[in-house]
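Heads up, the thing below is written out as structure tokens.
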Amino acid sequence: MRILDQAQVTQLLPMGACIPLMASTLASLSRGEVDIPLRSVMRLRGSHDAFALMPALSAALPTFGAKVITVFPSNHARGRDSHQGAVLLFDGSDGRLRALLDGSSITAIRTAAVSAVATDRLARHDAATLGLLGSGVQARTHLEAHLLVRPFAHVRVWSPTDAHADAFADWARRSHDIEVAVCRTPRAAVEGADVVCTVTAAREPVLEGAWLEPGTHVNAVGASQPDARELDSAAVARSRIVADRRESLLHESADYRVPLQEGALAADHVVAELGEIVNGDVGGRATRREITLFKSLGLAIEDLAAAWHVLERAERDDVGVTVDLGGGR
């Protein structure tokens with residue numbers, strides 16, 4: 001078994017490679033080539049902290065596996081990633097455990113790459129202003145990914161903690177040579193933005209539909225549990241909705257379930273899975289003025305494909321540590 005840590009995964013999974021990898025992975029999912037049950041989530045100690053198991057199998061890959069991960073939303077204040085765990089890859093021919101990879105880095109990179117695929121297919125081609133709600137790990141990877149699919153001239157960020165937003169702006173200046181305007185309210189970051197990414201740990205809406213101007217594209221990323229929302233019902237009702245997977249959206253997303261239960265939208269409000277748009281089965285943006293919304297919940301097949309990409313390169317370059325767990329005769 002090969003073990004790969006956070007730095008090694010980051011080195012072997014550059015964003016520029018992960019974006020097209022996620023596009024092809026979602027296309028394969030929408031063609032019916034992937035098996036992924038809904039994730040199994042266990043709450044810890046009656047808190048908002050969670051432990052999750054996410055298995056996946058793809059006909060396109062000689063491996064199967066699972067991500068085993070914890071989600072501790074308050075970790076950002078402690079200086080730790082909110083998502084921590086590992087991706088386990090098993091050999092498709094004999095079932096042996098081939099690799100254990102850091103789950104935090106794979107989650108951070110593949111999630112932003114998927115959002116970039118959505119932005120590339122759904123945002124206006126002349127989108128110039130990016131608004132970020134949230135300033136943590138996902139804000140950093142989302143900025144990196146989005147600069148690869150649109151030449152954003154203006155970036156804004158809001159965080160519930162002003163110091164975190166200021167730190168993000170300093171990091172962006174050093175890492176990407178881009179000036180980021182720090183906003184003291186979420187409304188200031190959203191109004192007038194061409195693309196908005198919500199990457200918060202919020203459990204109640206931080207984005208209101210009234211702030212969205214015609215032609216905006218939204219990537220709703222942070223709320224991935226059925227009792228957490230980042231968007232109010234008006235934001236969802238005003239938007240043409242694209243899911244990463246319909247089944248996950250229906251069972252796991254309060255951003256979608258709450259306005260559906262309120263009668264603010266009908267079930268046919270979801271126009272496509274992102275993979276269907278990548279495949280050309282459904283069109284992307286229909287008009288310059290429509291508001292589009294990609295609801296990202298994060299899928300195990302994204303982790304599996306990203307981890308396999310990393311493992312192939314690690315074996316080629318002999319990166320990581322190998323351990324013999326046994327299992328032979």
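Extension gain, PHE51-GLU179: 0.36 nm per intervening residue step, less the Cα-Cα distance, totals 42.4 nm. The orientation-averaged projection of the convex hull spanning the C-alpha atoms of segment 151-197 amounts to 3.2 square nanometres.
Taking segment 1-132, how much of its Cα-Cα pair set, in percent, is spaced more than 20 angstrom apart? Summing the P(r) tail past 20 Å for segment 1-132 gives 55 percent.
When you work out D = kT/(6 pi eta Rh) for segment 123-297 at 25 °C and 0.890 mPa s, using the Kirkwood radius from C-alpha pairs as Rh and the Stokes-Einstein form, the result is 152 µm²/s.
Along each principal axis, taking the top coordinate minus the bottom one, the Cα set of segment 146-229 gives 37, 30, 22 Å in descending order. Looking at the chain alone, DSSP beta bridges between its own residues are antiparallel in about 50 percent of cases. Measuring nothing but alpha carbons in segment 182-231 and taking Rh as the Kirkwood radius, the Rg to Rh ratio lands at 0.95. The angle separating the long axis of helix 15-30 from the principal Cα axis of greatest extent in the chain is about 90 degrees. Across all directions, the shadow cast by the convex hull of the chain built on its C-alpha atoms averages 16.7 square nanometres.
Reducing segment 43-103 and segment 261-304 to their Cα centroids gives an inter-centroid distance of 25 Å.
Peptides 20-26, 105-111 ranked from most to least packed give 105-111, 20-26, packing being the mean of other C-beta atoms within 10 angstrom over each peptide's residues.
Taken together, the values in this text are just the output of simple stated rules run on the coordinates, not laboratory data. Note that the structure is predicted; figures quoted are calculated from it, not measured. Virtual Cβ from ideal backbone geometry, glycine too; neighbours counted across all protein chains shown.
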